[in-house]
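Peer 1: I am attaching a structure below and will ask some questions about it afterwards.
None of the figures in this text is laboratory data; all of them are computed from the coordinates on show. Just so it is clear, the structure is predicted and the values come from calculations on it, not from any experiment. Note that we place each Cβ from the backbone using ideal geometry, even for glycine, and neighbour counts take in every protein chain shown.
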Amino acid sequence: MAATSTTLLLFFLLQTLTLGSATVAADKKTYIFRINHLMKPSIFPTHERWYTSPSFSVSTLHIYSTVFHGFSAFLTAERAAALANHPAVLAVFQDRLRYVHTTRSPQFLGLRNRQGLWSDSDYGAEVIVGILDTGVWPERRSFSDRNIGPVPSRWRGTCETGENFPGSVCNRKLVGARFFSRGHDASAFAAGGVGGINDTVEFRSPRDADGHGTHTASTAAGRHVFGASLSGYASGIAKGVAPKARVAVYKVCWKGSGCLDSDILAGFDSAVADGVDVISISIGGGDGISAPYYLDPIAVGAFGAVSKGVFVASSAGNDGPTAMSVTNLAPWLTTVGAGTIDRTFPADIVLGDGRRLSGVSLYSGPAIDGQMYPLVYPGKSGGLPASLCMENSLDPKLVKGKIVVCDRGSSPRVAKGLVVKNAGGVGMILANGISNGEGLVGDAHVLPACAVGSDEGDSVKSYITANPNPTATLAFRGTIIGVKPAPVVASFSGRGPNGLTPEVLKPDLIAPGVNILAAWTDAVGPTGLDSDHRKTEFNILSGTSMACPHVSGAAALLKSAHPSWSPAAIRSAMMTTSNLVDNTLQPVTDEDTGEPVTPLDIGAGHLNLYKAMDPGLVYDMGYSDYVTFLCALEYEPKMIQIITHSPVTCPVKRPLPENLNYPSIMVVFEGAASVNQSKTVVRTVTNVEAAGAGVYKAKVSMVSGKGLAVSVKPGKLVFSPAVNKQNFAVTVTVTAVTAADDAGSAPAADYGYLTWSDGTHEVRSPIVVSRIQPL
């Protein structure tokens, strides 16, 4: 490193220690330091990299040099406290454990063979997609390099070898693979060997023992594979969104152990240094708390990536439909929620009184259709654990030879089926509760099983209560396509508003995330249970984890078709051309309520790549825009520098966070509404049409919002080859106070849309008006 300097961030990774036997390293923890090579050389008089000098004497875990300058180390608390007083230390914060957010979908996005974006982008052939996840099963046909050209010469990565992972498994398709485990190893050492990576099920290499990483990688960029299915379900040709794009895998998550911030940050650092164009990260916080951006390593790592031109897609989390459940909130991240596609896997419950109730299932073993079995609900007499079919909660005398009703929640859906099977049950009905509503996902259960919504579950339980000898059977009906309506916003998809900065709408958009077929590991069966030894090349999963790589693959296609577009321009093209209607041409609805969704559920809309190729106008942003936004949040310059890696000077007059040049518009009024309360936000659009000329006119349509007036000035934007950027202002004014406002029970947000149109393109942005009561 030259003596031109960065800043030294001390990033405390405080691990929970196990008491008693865990005394070996109980006085040590993992810390991450950020270095400032801009500081005067006298501060580091003996060594250019003072933290690697022999006199420093620390156990270095990772050294970061691309998205984040610094290192992580294993130190005593006393040593760390002494270093915290170093003049180059900016901040101290705690490491957190995070978790992954767990065929036909490309066509559902508007992609067609040999035409449109697939054709114009050559299927993403020269773009490299980096996947931060649980690794990869490289032998899958989805990662074959047959008929794929040479690896792009700009690629600087490597294929790290390790357990059952020779360098020969990488190829022209899977161009690189790395793994990061030092954070977990330090955590386990600090706990006296308790916890950490389970070497009985894991591979100390990029090989995927979990399946999640293989699934997300092939969803984003898996090549065409004929004869794909999960035991006959969803049979056909499997393909990723960018089938010719190259894949680089960064294993930062470990089966059963989660993902540590220190390893995630190392994954970001390596991916950008290696030369990826897109990063896909289906990972989020596991504690329901959104840390400030300067304390969030995903936000910090992603900022470093985006500032170097790398597009970063992230999952919105699976804690919906609760309001403010969306995760990955930084405005430089593209945050993706989940929707259904027009395919389902129906299964029916036939009750003894002849009623037929509809559900879903991916069960593929011996059928029980046509034979009636006794039906039992253990929760009727066994308490909460039995109602949830928790481990060791079922009495074999009660359930043997019967179909068992289990309530959803507290344990994995497929694990409940294993509990029922081990207790002697012949089948399972998995019933949603109120919190899950009617949202259903298919699972490859280990016994005949059918998942049903809350209403059908109540019907089954009522039938059991009303009949002394209730009976039922289960019927499995395979794969159905052409389902309507679709998409529907999945009930589990993370919802807004943004709990950290409400002036930025999150999620940004939704993409297919329910019952997605993609490649799978050979290390575990389709349920992911250690006891499931079935082998399958493909698996069907649901979650915003599955939605995120659809957008990553889409970004690869757009980057290939438009190499000069920034990450912000790519996101803008997706958002402003997204769909608000389903395949019945009606407004997209919420799986939880059945009602039309709002931008807090769907963001700008559902990804539509048929239109995203040619958006007309884009809302572009770069480094300086994000710095201004961080200043608007009133972060101290030292805190901002943690994110930006360079010193910043904020303007004397505080900017408005609403003025970030985002493709969606959030207007936040604080306190009770009052007549004539007004706020104006400013945006800049860039004409990306090849011709360079055009005239766009504004149209505002408010879906809800009595007592609000919205105006746009100017109402017409004129572009020419010499003028490709234009500014406009949106003013929202409260013109009347409704009875609901007076009563303090106004809805969380009103919304509508601003559309700029030149007669060919429609560039649409959601406008959301929110009222926040002071604490």
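Peer 1: Per residue of segment 390-405, what does 6.51 cos²θ - 1.76 cosθ + 1.60 with θ = phi - 60° give for ³J(HN,Hα)? Whole Hz please, x for Gly and Pro, Karplus curve as stated.
Peer 2: The phi angles translate into 6, 4, 6, 9, 9, 8, x, 5, 7, 10, 4, x, 10, 8, 10, 8 Hz.
Peer 1: Using 7 Å Cα-to-Cβ label points, what is the residue 690/residue 477 separation (nm, one decimal)?
Peer 2: Between residue 690 and residue 477, the label points sit 4.7 nm apart.
Peer 1: Taking a cut-off of 30 Å between Cα atoms, list the lysines near residue 402, but don't count ones fewer than 8 places away on the same chain.
Peer 2: Correct list for residue 402: 380, 416, 421, 461, 535.
Peer 1: Calculate how large, on average over all directions, the projected area of the Cα convex hull of segment 132-186 is; give the answer in nm² to one decimal. All intermediate terms of the calculation are to be shown ahead of the outcome.
Peer 2: Values: hull surface 18.8 nm².
About 4.7 nm², averaged over all directions.
Peer 1: If each residue of separation counts as 0.36 nm, what is the full-extension length gain between residue 455 and residue 235 once their alpha-carbon separation is subtracted?
Peer 2: On the way: separation 220, 0.36 × 220 = 79.20 nm, distance 3.05 nm.
Extra length available between residue 455 and residue 235 comes to 76.2 nm.
Peer 1: Residue 467 versus residue 610, label points 7 Å from Cα toward the beta carbon: distance in nm?
Peer 2: Taking the simple label geometry, residue 467 and residue 610 are separated by 4.6 nm.
Peer 1: Follow-up question, since we're still on this one. Report, ordered by chain and residue number, the lysines lying within cross-link reach of residue 638, taken as a straight Cα distance under 29 Å and ignoring same-chain residues fewer than 8 apart.
Peer 2: Answer for residue 638, where 29 Å is the Cα cut-off: 28, 29, 40, 308, 506, 653, listed by chain and number.
Peer 1: Using only alpha carbon pairs under 8 Å that are at least six residues apart, calculate the relative contact order of segment 453-539 and give it in whole percent.
Peer 2: Details: 50 pairs, mean separation 13.2, N = 87.
Reported as a whole number, the value is 15 percent.
Peer 1: Now a separate question. Can you check what the net charge comes to around residue 424, using other residues whose Cβ is under 14 Å from the Cβ of residue 424 (Lys, Arg +1; Asp, Glu -1)?
Peer 2: Around residue 424, the surrounding residues sum to +3.
Peer 1: Collect residues whose amide H, placed 1.01 Å from N in the peptide plane, falls under 5 Å from the amide H of residue 339; neighbours closer than 5 in sequence don't count.
Peer 2: Long-range HN contacts for residue 339: 490, 511, 513, 514.
Peer 1: Using 1/(1 + (r/R0)^6) with R0 = 30 angstrom and r between the beta carbons of residue 646 and residue 722, what's the FRET efficiency to the nearest 0.05? Show your work: numbers first, answer last.
Peer 2: Numbers: r = 33 Å, r/R0 = 1.09.
For R0 = 30 Å, the calculated efficiency reads 0.35.
Peer 1: Oh, and also: Dividing the Cα convex hull volume of segment 398-536 by residue count, how many Å³ per residue is that? Numbers along the way, then the final one.
Peer 2: Details: hull volume 23.1 nm³, N = 139.
Spelled out: Cα convex hull of segment 398-536, divided by residues, is 166 Å³.
Peer 1: Which of the aspartates and glutamates could be linked to residue 255 by a straight reach, that is with a Cα gap under 17 Å, when you skip same-chain ones fewer than 8 residues away?
Peer 2: Partners within reach: 133, 163, 185, 199, 202, 208, 210, 263, 522, 530, 532.
Peer 1: Quick one: grab Rg to one decimal and Dmax as a whole number for segment 265-363, Cα atoms only, in Å.
Peer 2: Cα only, segment 265-363: 19.6, 65 Å (Rg, Dmax).
Peer 1: Distance in nm between label sites at residue 199 and residue 82, each 7 Å beyond Cα in the beta-carbon direction?
Peer 2: Simple spin-label model gives 3.2 nm for this pair.
Peer 1: Using a Förster radius of 41 Å, what is the FRET efficiency between residue 273 and residue 322 based on their Cβ-Cβ separation? Nearest 0.05, please. Kindly include the intermediate steps, with their values, before the conclusion.
Peer 2: Working: r = 38 Å, r/R0 = 0.93.
It comes to 0.60.
Peer 1: Pull up all non-local amide H partners of residue 771: gap of 5 or more, or a different chain, and H-to-H distance under 5 Å with H placed in the peptide plane.
Peer 2: Correct list: 669.
Peer 1: Can you compute 3J(HN,Hα) from phi for each residue in segment 755-760, using the Karplus curve 6.51 cos²θ - 1.76 cosθ + 1.60 with θ = phi - 60°, rounded to whole Hz and x for Gly and Pro?
Peer 2: Ordered by residue, 3J(HN,Hα) equals 10, 9, 10, 10, x, 10 Hz.
Peer 1: How much length, in nm to one decimal, is gained on full extension between residue 392 and residue 731, taken as 0.36 nm per residue of separation minus their Cα-Cα distance?
Peer 2: Working: separation 339, 0.36 × 339 = 122.04 nm, distance 6.03 nm.
Roughly 116.0 nm would be gained on extension.
Peer 1: Still on this structure, I have one more. Which value, in Å³ per residue, describes the convex hull spanned by the Cα atoms of segment 459-524?
Peer 2: Details: hull volume 17.3 nm³, N = 66.
Output value, Cα hull per residue: 263 Å³.
Peer 1: May I pose another question? Any idea what diffusion coefficient segment 410-455 gets from Stokes-Einstein, in µm²/s, Kirkwood Rh on alpha carbon pairs, 4 °C, 1.567 mPa s? Don't skip to the end; give the middle numbers.
Peer 2: Values: Rh = 10.9 Å.
Rounded, D is 119 µm²/s.
Peer 1: Sticking with this structure for a sec: First select every other residue whose beta carbon is under 10 angstrom from the beta carbon of residue 730; then total the charges, Lys and Arg +1, Asp and Glu -1. Present the calculation step by step, with values, prior to reporting the outcome.
Peer 2: Working: positive: 679, 683, 713; negative: 658.
Taking every other residue near residue 730 into account, the sum is +2.
Peer 1: Here's something else I'd like to know. Within the P(r) computed for segment 515-637, what percentage of the Cα pairs occupies the region above 25 Å?
Peer 2: Values: 3587 of 7503 pairs.
Counting pairs separated by more than 25 Å, the tail of P(r) holds 48 percent.
Peer 1: Now for a different question. Whole-Hz Karplus ³J(HN,Hα) for segment 270-280, in order, using 6.51 cos²θ - 1.76 cosθ + 1.60 and θ = phi - 60°, x for Gly and Pro?
Peer 2: 5, 4, 5, 4, 6, x, 5, 9, 9, 10, 10
Peer 1: Determine the relative contact order of segment 582-712: mean sequence separation of Cα pairs under 8 Å and six or more apart, normalised by residue count, in whole percent.
Peer 2: Values: 97 pairs, mean separation 30.6, N = 131.
For segment 582-712, the relative contact order is 23 percent.
Peer 1: Tell me which residues come under 5 Å, amide H to amide H, from residue 433 once H is placed; ignore anything under 5 positions away on its chain.
Peer 2: HN-HN under 5 Å from residue 433: 408.
Peer 1: Next up: Can you tell me the FRET efficiency between residue 583 and residue 358 if r is taken as the Cβ-Cβ distance and R0 is 25 Å, rounded to the nearest 0.05?
Peer 2: The pair residue 583/residue 358 has a calculated efficiency of 0.80.
Peer 1: Test of understanding: what is the full-extension gain from residue 435 to residue 145, defined as 0.36 nm times their sequence separation minus their Cα-Cα distance? It would help to have the intermediate numbers written out before the result.
Peer 2: Details: separation 290, 0.36 × 290 = 104.40 nm, distance 4.45 nm.
Taking 0.36 nm per residue and subtracting the Cα distance, the gain is 100.0 nm.
Peer 1: Something else about it: Suppose the Debye formula is applied to equal point scatterers at every Cα of segment 549-615; what is log10 I(q)/I(0) at q = 0.21 Å⁻¹?
Peer 2: Once normalised to I(0) and log-transformed, intensities are -0.85.
Peer 1: Tell me the Kirkwood hydrodynamic radius of segment 477-581 in angstroms, computed as one over the mean inverse distance between distinct C-alpha pairs. Write out the running numbers ahead of the final one.
Peer 2: Numbers: mean 1/r = 0.0604 Å⁻¹.
It works out to 16.5 Å.
Peer 1: Taking each pair of different alpha-carbon atoms in segment 597-707 once, compute 1/r for the pair, average those values, and report the inverse of that mean as the Kirkwood hydrodynamic radius in Å to one decimal.
Peer 2: 17.3 Å
Peer 1: If you don't mind, another one. For Cα pairs less than 8 Å apart in space and 6+ apart in sequence, what is the mean separation divided by the residue count of segment 225-338, i.e. the relative contact order in percent? Present the calculation step by step, with values, prior to reporting the outcome.
Peer 2: Working: 127 pairs, mean separation 22.2, N = 114.
Contact order relative to length: 19 percent.
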